[in-house]
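S.K.: Input: one structure, supplied below.
The values are calculated or read from the model by the stated rules, or taken from the named source; none is laboratory data. Source: prediction; values computed, not measured. Using ideal geometry, Cβ is built from the backbone for each residue, glycine included, and neighbour counts are taken over all protein chains shown. With ligands, DNA and RNA removed, areas are computed over all heavy atoms of the protein, side chains included. Shrake-Rupley method; radii C 1.70, N 1.55, O 1.52, S 1.80 Å.
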Amino acid sequence: MRRTKRGDIKPHQSSIVINIMPVLQARCIKFPDAYLKKLGISSTTTTKLLNGEASQISARTLTKICVALECTPNDLFALRDMPLHKSHPLLNLPDYKPVSDMMSVEEFFRGKTVEEVRKMLKR
């Protein structure tokens, strides 16, 4: 017997998307990849979440993220290119805007002294 995929919606076709980057930036998380992996989220899922390619998310992963970031699921979802009538409740979701201005590791550490880096690592 052949297994079929759970759904046929590809990430770029989904209109409701997981937009985790604004929440991570609001919490001043400089290394979101490492942060999500530290929560126990797999590398594949982490990459998909950060690149806006996740078309589904498990309730367990969603719960981990919401507890760690002290947010609600509504804070993590956004709407992308979906025609709706003016009073539709989905229009309360923010518009999806990909975040491409993430700071590199080199930029983050540039100009910091060894003592400043040590203090950051002790937090």
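S.K.: Checking Val17 against (1) open to solvent by less than 90 Å² (accessible area, probe 1.4 Å); (2) in a helix (DSSP H, G or I); (3) more than 29 Å from Met120 (Cβ to Cβ); (4) not small (Gly, Ala, Ser): exactly one of these is not met. Which one?
M.R.: Result: Val17 passes all but (2).
S.K.: May I ask you to list the residues in segment 40-64 that are out of contact with any helix residue (DSSP H, G or I) (no Cβ under 7 Å at 6 or more places or on another chain), under 15 Å from Met21 (Cα atoms) and buried (at least 17 other Cβ atoms within 10 Å of the Cβ)?
M.R.: Correct list: Lys48, Gly52.
S.K.: Which condition number in (1) part of a loop (DSSP other than H, G, I, E, B); (2) surrounded by 13 or more Cβ atoms within 10 Å (Cβ to Cβ); (3) touching a residue at least 60 places away in the same chain (Cβ under 8 Å) is the one that Pro22 fails?
M.R.: (1)
S.K.: Please verify whether Ile41 is at pLDDT 80 or above and either acidic (Asp, Glu) or in contact with a strand residue (DSSP E or B) (Cβ under 8 Å, 6 or more places away or on another chain) (or both), treating the condition exactly as stated. Walk me through how you get there before you give the answer.
M.R.: Working: at pLDDT 80 or above: yes; either acidic (Asp, Glu) or in contact with a strand residue (DSSP E or B) (Cβ under 8 Å, 6 or more places away or on another chain) (or both): no.
When the stated conditions are applied, Ile41 does not pass them.
S.K.: Scan segment 71-96 residue by residue and report those that are in contact (Cβ under 8 Å) with a residue 24 or more places away in the chain and either open to solvent by 90 Å² or more (accessible area, probe 1.4 Å) or in a helix (DSSP H, G or I) (or both).
M.R.: If the condition is that a residue be in contact (Cβ under 8 Å) with a residue 24 or more places away in the chain and either open to solvent by 90 Å² or more (accessible area, probe 1.4 Å) or in a helix (DSSP H, G or I) (or both), then Asp75, Leu76, Asp81, Leu90 are the ones that fit.
S.K.: Kindly evaluate Thr4 against the criterion of being modelled with pLDDT under 90, of a type in the set (Val, Ile, Thr) and over 22 Å from Asn92 (Cβ atoms).
M.R.: Criteria met by Thr4.
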